Structure formats: structure tokens, C-alpha cells
1. Check Gly92 against each of (1) part of a strand (DSSP E or B); (2) surrounded by fewer than 17 Cβ atoms within 10 Å (Cβ to Cβ) and name the one condition it does not meet.
2. Does the range 186-204 contain at least one residue that is in a helix (DSSP H, G or I), in contact with a Ser or Thr (Cβ under 8 Å, 6 or more places away or on another chain) and acidic (Asp, Glu)?
3. Look at the range 336-387 and say how many of its residues are touching a residue at least 60 places away in the same chain (Cβ under 8 Å) and more than 30 Å from Leu439 (Cβ to Cβ).
4. Give the residues of the range 510-556 that are more than 23 Å from Glu580 (Cα to Cα) and exposed (fewer than 15 other Cβ atoms within 10 Å of the Cβ), sorted by residue number.
5. Checking the condition closer than 24 Å to Leu591 by Cβ, in the same structural domain as Gln569 (by TED's automatic domain parsing) and surrounded by fewer than 19 Cβ atoms within 10 Å (Cβ to Cβ), which residue from Thr493, Thr425 passes?
6. Please work out which residue is nearest to Met179 (Cα to Cα), limiting yourself to the range 265-286 and to residues that are touching a strand residue (DSSP E or B) at 6+ places or on another chain (Cβ under 6 Å) and not in a strand (DSSP E or B).
7. Got a sec? Which of Leu196, Leu232 is in the same structural domain as Arg276 (by TED's automatic domain parsing) and within 23 Å of Cys285 (Cβ to Cβ)?
8. So, in the range 557-595, exactly how many residues are surrounded by 17 or more Cβ atoms within 10 Å (Cβ to Cβ) and more than 13 Å from Cys525 (Cβ to Cβ)?
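The values are calculated or read from the model by the stated rules, or taken from the named source; none is laboratory data. Nothing here was measured: the structure is a model prediction, and the numbers come from that model. When we count neighbours, we look across all protein chains shown, and the Cβ atoms used for this are built from the backbone with ideal geometry, even at glycine.
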Amino acid sequence: MSSAGSGRSIVAVRRERLYAANPFGGKGKRIFSRWALTEVKGRVEGPVILNCGIGACVAHAGQSMNETQAVTEHATLVQALRSPGAYPHPVGVVELIETHISSVLLAGEFAYKLKKPVDLGFVDFSSLERRKHFCEEELRLNRRGAPSLYIDVVPITGDIRGPRVGHGPGPIIEYAVRMRRFAPSARLDRVARAGLLSRTHIDELAACVAAYHEQCEAAPMGSVFGSPELILRWATDNLGDLERARLAPTDVRRIKELRAWTLEEFERCASVFEQRRKSGRVRECHGDLHLENIVLLQDAPVPFDCIEFNDELRFIDVMNDVAFAFMDLIDHGLEPFAWRFVGAYLERVGDYEGLATLRFYAVYRALVRAKIALIRRAQPGTPADEKAADWTSIVRYIKVAHTLARPATPQLILTCGVTGSGKTTVAQVLLEQLGAVRLRSDLERKRLHGVAATNHFAACTEVGQGLYGAAATERTYARLSSLAAVVLKAGITAIVDATFLKCSQRQMFRDLAGTHAVKFSIVECVAPPAALRARVIERLARGDDASDATTQVLSDQLEQREPLSAQEQAVTVRLDTNTERSRLESRCVWLARKLRSGTSRKEQVGQSVAC
């Protein structure tokens, strides 16, 4: 076989590309050459260890290989570290947790994380020097989000059969990151599986991730981080690994469809990727933000165990980080929480333009998890039951990716009503049930003017003046319209939450729905005047909401609102919100089903209905 016009074999070309990515030379060149050969012959079924004399390199080869000496010695060391006498502090039973790249020893009040001497291509821990460096990087990077967990890097001395943690006798044979232990049940994936993950947890997670991204450094100018070419390479590498696995016919078909979808979606998003890179949205993020890497400390979510071993996987678009947690919530059967998380994050940072990339990254993240399960399953010493569980995970993540690549048809929904009518609460439940994004006038009005959400102007601004004057209001609705177009273009349902007192304001969005050829609906939220006033007074007393409306504002709105026209009523659901919260939420779930199926529209209902 030869490459077109070059006279060189495909194997040679592939070997050169792989070697170019391996800066260590020497035996590494031989290893990558074997990888290239077996890959081209199509005999690849999953990652296995190739014998390289020093450390280990995971390559994709169909033949069985023995563990390397380094991996064997690591396993011996880890077993020796299960002895309580290896530690300089009181220790009872030492527990062991294995991942595809680490061994974590739970000893007393601490956890010691050792890096396996492996080279998987995307991570290289093949030398002691590299392992020390990445231990130090792990400490530095994770102190950004979890300073209370990460203590220091400690040496392990002696020999692999009689090691000592800390500065003991003998040479340094390994390094470990020392962390404070936490209850395994506090990890967010376990909290979710136990059914204990709450809306408050999700809102706090969104706030935590938003603050985390705010303090992350932007990618260096002129770097390739976050470039379209790099994004595509990582995505197609995952697909290639899964294509070489021996999957069931259904999953083979799904991977084939996912490759086609990925290439098509990449073409749609390529200019967005580049624009976001130039605008500073590519930052030194977490890189591995799934639920297993988030823990509840004092009932607040804390991200830990970020990517330290590969700059390309850490300097990423912030939306790539968000998409991982979003995908994992969906994988845990918590799709409403997934959309709540995305919505809360966006309302904090205002990065709605990033929605154009959300599904691409979410599919990519699901396939990352499938690939990791594939690697873990093929590693020597993996117990049979864990291999079976990994295979189940591979199939499940492929299915999640396939589902994410087939989104529902977007629509445009207005939740309207005077202040205190419950439209924001209704919009929140609808966005969770429909998989939508809410655009809230109270927040966007303040964002336009550089004002914090809870910085209240009610006491110092006359009604209808300043931030709430006619010009500011017109500008706010124009901004909401612009953002709704961004959301719809991303293929996501947009819910616009505003009073919409004037017919012209509502018509602006009806025209927008026509431009994007999407279904248009109005949800009119109503309640008796006494209930409206009580809600406004209670909200002002709390002081934790973006709304500045007073009872005087409510009175003015009740007098000034323009009624819905007959044409508008044909696409309107009138929702009575004067009930307890649980019943209102049940009504919203019912309404979401109606909106999803289309039975709230004129052609099936014929007029507005009361729930």
C-alpha cells in the first residue's frame, strides 16, 4: 500500500506521525511503529500494554502482550504500601482504589495518589521524573478548586517491597500526592445514585463552576489550545479507538453515525470554536469535570482531580468543561438537573454564545468516558467483574452520545405576566422538563448596564426611570431577542421570561420564531392581585432575587398591560399560579408535555386553556 503521490507506505506515514508525537525517542519509536503496523492491518481491538523495558505504553494492538517490568514493580510497591507500617502516622486498614492511570491508597486520615508508570499517548508517566512533575502539577492545579483537600507531594523511599512514605532511609523510588480523605458517599456520582442530589446542590455547583472558570487563566496567546484542528483531532481519536473495538452491531452502527455527525457538527461549529478561542473562552479549566470528580464538603460541591497530565486536555473551552457535567447528569438519569445546571451557569456568566458548542462537547465527553472504560478494561490485572462493568459502561456511553446527537426540535416560548405572577418559577420548571434555556429580563437588563443581579435600585430609582426607563427597556427586549436567536440557532428551545406588557414586545418574538421556523407559544401566568402583592413583598424582604419590582411597580403594570390579542390567545396557555409550590410544579410538568406534543396550539385546542 502507498499513499497517493508519495511512494511511501501508509504504515510509514502513520509511523512518522506517531513518532513525531513522541518526544522521548529511543524505544518509544519502536513501540509506536508496532502500533502503526497493527492499526493499518486492522487487527486492533483495544488498548494493551506493549513491552518497552522502561515504563509502559498503551497502544492499540490485537495481540496479547505481557505486563512491563515497570507496571509489575508498581503493583508490587502498591501492595507493600497496603501495610500500615509504611506510613509515618496511625493507620488501620489501607484501602486501594485503582484507575487506568493511578493507584490511590486510603490510609488513616489521608489519601495517597500514585501515578502508574504508563504511557497512553495522551498521558505519559513513564519516568520517575515525569511522575514527580505531574504530582506537583496536580497539587498546584487542584488547589484552585479544592485547597482544603490537597496537602503536598511526598516521596516514597526504600525499595518496592519495603517502602516508607516520607523521607525515610534509602533512595526515593516514587512520589505521591497527599490528600485529606473524605467519605466516598460524598462524591456527587454516589449522591446522585442514592437519590440525594438536590436542586440546591445543582445551583451551588453552577455557581462553583462559574467562579472556578472566572479565575482560570486564558490560554497563552499564539498557542494551539482550543483550536478547531485540535478539537477535531481529540474527537476523532476517541471515535477511532471505539471503531477498533469489537462492539455489537448496534454499537458499530451508532459509532459510524456518530463519526458522520461529529464531522458535520464540527463544520457547523468550526468558526465558533475559533471565535471563542480568540475571545478568551479557552482557559486552563478542570478538564475532567464529571460527577466522580466533584465532592460535597459541608454539603457544598467542590471539584477535585482535574487534568494535570496534558495541557491540551486542560486548556479548553469553558463550555467543554460545562458539557462534561451536563452529560454526566444525563447519564445518571437526571436530565432536568442537567439543564438546570447549564441554565444556572449561563445566567451567572452570560456566555449564551457557548451553547452553539454544547452538544458537540457533550457527545465528545460521552465518548471520552467510553474510551476510558475501554482502556481500563484492557489493562492487565483488571478483575473479570470490573471488565464486565466496563463493557456495560462502554455500551451505555455510546448510547448516551447517540441520544445527545439527536436533539428535540427547538421552539420559542414566552412566559409572561406582571411582577409576582410566578413566571420565573414556571420558566424554571419548563426549562428542566423541556431541555431548554431561560432568558430572564431581570438579569439581562442588569447585565447590559454592568450591574450585579442582586444590586437593587428600587429604593433610589423612580418608577419608569433610569434602568427601567423606556430606552433601557427597549434595549433589554432587543438583547433578549438577540439571545433567543443565539439559543435557537444552537438547536435549543428558548424560554424568554419577561413581563411582555406590550403587544409590540410579544410580536417581536413571534416574528423571531417565524424567522427561525420554530413553534411559538405564550404561557400567561396569572394570580389574584392580593397574591401578587404578597409575593412581591416577600421577595423584597428576602433580597436574593434579581427583580427590583415594588408594589408600586406592580400597580402600574396592572394598569398599563395590554391584553393578548385573539391571534396571541390562539397560541397561549393561561396558567393559574395561585397554588402551593408542589401543585404548581405538577401543572408545569403537565404543561411541558403539552408544549412538547403541540396540543396547546390552536389547531388542537382552539383557545387558551386554564390548568
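1. All conditions pass for Gly92, except number (1).
2. Checking the range 186-204: not a single residue is in a helix (DSSP H, G or I), in contact with a Ser or Thr (Cβ under 8 Å, 6 or more places away or on another chain) and acidic (Asp, Glu).
3. 14
4. Answer for the range 510-556, where residues must be more than 23 Å from Glu580 (Cα to Cα) and exposed (fewer than 15 other Cβ atoms within 10 Å of the Cβ): Asp511, Gly514, Thr515, Ala517, Gln552.
5. Thr425
6. Out of the qualifying residues, it is His286.
7. After ruling out the rest, the residue left standing is Leu232.
8. Going through the range 557-595 one residue at a time, the tally reaches 6.
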